[in-house]
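Throughout, read-outs are computed from the coordinates displayed, never taken from laboratory work. No experiment lies behind these values; they were computed from the predicted model shown. Virtual Cβ from ideal backbone geometry, glycine too; neighbours counted across all protein chains shown.
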Amino acid sequence: MHWMKKFERLLKGHKHICFLDFEGTQFSHEMIAIGAVMASLDNKGRVKATKLPYKCYVKAHNKIGNYVTNLTGITEDQLKDHGVTFRKAMEGFKKYCGLAFSKCSFCTFGNHDMRILSQSIAYNFDFPKEIVSQIQKNYIDFSAFVSEFSKDDKGNPQSLIHYCEKFGVDIVGPNHDPSSDAVNLCSLYNAFIKDTSLVQEEYKKVLGKFTRVPEPVKPILNKLLNGENVTPSELENEIKKFLA
């Protein structure tokens, strides 16, 4: 499977993935919550076992913002009563990962989580450098990966929830709850790795909408995608028409 070989390169030989979701403030994009699920993989890259999810609220230097509160349900009072410093949150996260932390990949859905991590560094001068560096250098954006093989009808990447629905994942928890989003991302990864036939069908749709296919190849590709037989002479004729 080409996509699994490509993902194996992203994994760098690691046999553990920690699926992550960060929530951040509306304007400063500081971290206000972490959700994570640590998973071990079998020799085919499938999820073999998972730990119970990790969730932690993180105190920010700036206000959460009404939009983020409405989206996530996280309030200033929650951070005041249950939040910890960014440093303690990162240290707690490393402890959750256990011995696998140093030989683990960290998987998010989209690159905004890494922006939140970077912004949190900027506001916390005592941040644990080794922990943050380990996450940054072993980070995988699963949204960028899966969207190469499956897109919406307009050729755009889809949300985590839409991909979960497409790949038959039973969605858990409220949307934008960090631990629930981490669980759903883990389940999406596993469904994607297992359902090769659905990935093939989705990739055929992507190929059909590919805009950079050379002009003479387009009609040939469309015939193939529609299950029709084509011959070398048909390609020759398309090339002749294109060059005429």
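With a/c under 1.5 counting as rounded, go ahead and sort the chain into rounded, prolate or oblate using the C-alpha gyration tensor (a ≥ b ≥ c being the square roots of the eigenvalues; past the cut-off, prolate if a/b is larger than b/c, else oblate).
Since a/c reaches 1.5 and a/b is larger than b/c, the shape of the chain is classed as prolate.
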Separation of the residue 159 and residue 80 label points, Cα + 7 Å toward Cβ, nm: 3.1
Phi to ³J(HN,Hα) by Karplus 6.51 cos²θ - 1.76 cosθ + 1.60 over the stretch 83-92, Hz, x for Gly, Pro: x, 10, 5, 4, 4, 5, 5, 5, 5, x
Sites residue 42 and residue 215, calculated FRET efficiency, Cβ-Cβ separation with R0 51 Å, nearest 0.05: 0.70
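What does the charge count around residue 201 come to, taking other residues whose C-beta lies under 11 Å from its C-beta (Lys +1, Arg +1, Asp -1, Glu -1)?
Computed value for this residue: +1.
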Max mean-square fluctuation residue, GNM over the chain, Cα-Cα springs under 10 Å, options 63, 44, 204: 44
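Name the shape class, rounded, prolate or oblate, that the alpha-carbon gyration tensor gives for the stretch 100-157, where a ≥ b ≥ c are the square roots of its eigenvalues, rounded holds for a/c under 1.5, and otherwise prolate holds if a/b is larger than b/c and oblate otherwise.
On the way: a/c = 5.55, a/b = 1.90, b/c = 2.92.
The shape class here is oblate.
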Cα-Cα over 30 Å, subset of 6/166; 204/240; 59/166: 59/166
Value of relative contact order over the chain, rounded to a whole percent, pairs C-alpha under 8 Å and six or more apart: 21
Global geometry of the stretch 1-133, whether rounded, prolate or oblate, following the gyration tensor of its Cα atoms and the 1.5 cut on a/c: prolate
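Below 12 angstrom from the Cβ of residue 88, what's the summed charge of the other residues (Lys, Arg +1; Asp, Glu -1)?
Details: positive: 59, 87, 94, 95; negative: 91, 126.
The answer is +2.
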Efficiency of FRET from Cβ geometry, residue 207 and residue 172, R₀ 25 Å, rounded to 0.05: 0.15
Chain lengthening between residue 70 and residue 111 when straightened (0.36 nm per residue, less Cα-Cα): 12.6 nm
Neighbourhood net charge (11 Å Cβ-Cβ; Lys/Arg +1, Asp/Glu -1) for residue 55: -4
At R0 = 51 Å, FRET efficiency that the Cβ-Cβ distance of residue 100 and residue 234 yields, to 0.05: 0.45
